[in-house]
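What follows is a short report on a single structure.
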Amino acid sequence: MQTTIDPTEQRTTTDMVFDSLYSAVQSLELLPGTRISEAEVASRMGVSRQPVRDAFNRLGNLGLLTIRPQRATEVRGFSLPEIDNARFIRLAVELEVVERACAVWDAPRHERLQDNLARQVEAIDTGKPDALHALDYEYHRLICELGGNALAFTTIEQCKRVVDRLCKLSFGRVNEPAAVLSDHHAIAAALEAGSVKKARSAMKRHLARLDDTVREIHETHSEYFE
């Protein structure tokens, strides 16, 4: 979080502060429960307090900060009810997406997805979890787009954001990246075969992986949760 605002940038100061703080929260540089102050952030970034206040409010609206008047602002902890709801919605949407995709999947679509998978392998082999996280987003977006349901990813993305920080913790586990990649290959193979049953089964298995991570983190780091 050593970002310094460049006054020549066309984006607003609030945008720059927001992006810096959003990245720090999502990457777990700022862990749940961490206290942050407008004055400290403003001083470190060399800006006035107003854009910091505006950025705080935007992060609060995204459910990433807990802002209490006259009290310290904190990075918000994980909410189990919100996680459960997001995963319920995402599963319903993704199962429908892969079912529809099976009906139109062809060789060019398969090649596009394989290119993404090859880059996932490279990210794992070179130890780049942030790159893998980004490619995971792209993988699910591609299935929506190539399957003819591009707008469905808007809902999926909203659900993914609820658990993004937990996904970061998940990808930090030794065997998790390989397991995620295996799931992605299984989904791709089912799409190539046009098998709705196999595609739905692989997607269910894939989305259920985070459940163990949630339970494990809740048991070992209860302070991260509300």
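The values are calculated or read from the model by the stated rules, or taken from the named source; none is laboratory data. A quick note: this is a predicted structure, and the numbers were derived from the prediction, not measured. In this analysis, Cβ positions are derived from the backbone assuming ideal geometry, glycine residues included, and neighbour counts consider all displayed protein chains.
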Revision key, fill the gap. Checked Q114, Q120 against criteria (loosely packed, with under 15 Cβ neighbours inside 10 Å and modelled with pLDDT of 90 or more); the one match is Q114
Review point. If you scan the range 67-107, which residues turn out to be of a type in the set (D, E, K, R) and surrounded by fewer than 19 Cβ atoms within 10 Å (Cβ to Cβ)?
Key: R68, R71, E74, E82, D84, E96, E99, R100, D106
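Taking the range 127-165 as the search range and keeping residues that are part of a loop (DSSP other than H, G, I, E, B) and at pLDDT below 95, which one is surrounded by the fewest Cβ atoms within 10 Å (Cβ to Cβ)?
Here the answer is G127.
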Check your understanding: What do you reckon, is D125 within 16 Å of the chain's Cα centre (by Cα) and either over 18 Å from A86 (Cβ atoms) or outside the structural domain of V196 (by TED's automatic domain parsing) (or both)?
Key -> no
Review point. When you go through (1) touching a residue at least 12 places away in the same chain (Cβ under 8 Å); (2) under 21 Å from R119 (Cα atoms); (3) surrounded by fewer than 18 Cβ atoms within 10 Å (Cβ to Cβ) one by one for L191, which number turns out not to apply?
Key: (3)
Review point. How about the range 191-221: which of its residues are part of a helix (DSSP H, G or I), more than 19 Å from Y137 (Cα to Cα) and more than 21 Å from the chain's Cα centre (by Cα)?
Key: E192, A193, V196, K197, K198, S201, E219, T220
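Listed here are the residues, each with its yes/no results for (1) in contact with a helix residue (DSSP H, G or I) (Cβ under 8 Å, 6 or more places away or on another chain); (2) modelled with pLDDT of 95 or more; (3) of a type in the set (S, T, Y).
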| site | (1), (2), (3) |
| --- | --- |
| T4 | yes, no, yes |
| S20 | yes, yes, yes |
| S23 | no, no, yes |
| L28 | yes, no, no |
| S37 | no, no, yes |
| N57 | no, yes, no |
**Study point:** One residue from G77, G148 being in contact (Cβ under 8 Å) with a residue 40 or more places away in the chain, under 22 Å from E192 (Cβ atoms) and out of contact with any Leu (no Cβ under 9 Å at 6 or more places or on another chain)
**Key:** G148
Revision key, fill the gap. The number of residues in the range 29-55 that are part of a helix (DSSP H, G or I) and either surrounded by fewer than 19 Cβ atoms within 10 Å (Cβ to Cβ) or over 20 Å from the mean Cα position of the chain (by Cα) (or both) is 14
Practice item. Just give me the residues in the range 202-217 being hydrophobic (A, V, I, L, M, F, W, C) and surrounded by 14 or more Cβ atoms within 10 Å (Cβ to Cβ), in sequence order. Key: A202, M203, L207, L210, V214, I217
